[in-house]
1. For the structure I just gave you, tell me whether R93 is of a type in the set (D, E, K, R) and either modelled with pLDDT of 90 or more or in contact with a Phe, Trp or Tyr (Cβ under 9 Å, 6 or more places away or on another chain) (or both).
2. For segment 105-128, which residues satisfy the criterion of being surrounded by 15 or more Cβ atoms within 10 Å (Cβ to Cβ) and under 16 Å from the mean Cα position of the chain (by Cα)?
Amino acid sequence: MALLAAPASETVAWARSKTSGPVGSGAGLRTPMSSLPEATERFTVADAIAGLLAGGSIALSFIASGFGLILGVDARPGRVMPVAVIAALVAARMSVRFQRLSFYAVIAAMIGWTLGMTLAVITDNPIL
């Protein structure tokens, strides 16, 4: 029975020897799974609001770009697109965490404005 039970120090040393790192360093038990540093910043309410603003801006851009006609929504790009652009810019300034999403929201607003104005002129729908 004494042969089956190994002391705890030998078990820990064996576990450390099977992972990367020297035996005495203690680094072998918790090796990082990613090469990127761990995010230490907390997720704040401003981050959540900025993400919602950027997502809402992308949704408004799609509605004004012509998808509003498919959905049956009266999409007037002259009224909807300035709101989408301002929401995207406010979201970009509000949070560092969602700056990339806000950038995509501004790009979607530019493309949506171009498509929406073009479709409004071609189909004789009102712009404003």
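The values are calculated or read from the model by the stated rules, or taken from the named source; none is laboratory data. Treat the numbers as computed from the prediction; the structure is a model and nothing was measured. Note that each Cβ is placed from the backbone with ideal geometry, even for glycine, and that neighbours are counted across all protein chains shown.
1. It is true that R93 is of a type in the set (D, E, K, R) and either modelled with pLDDT of 90 or more or in contact with a Phe, Trp or Tyr (Cβ under 9 Å, 6 or more places away or on another chain) (or both).
2. A105, V106, A108
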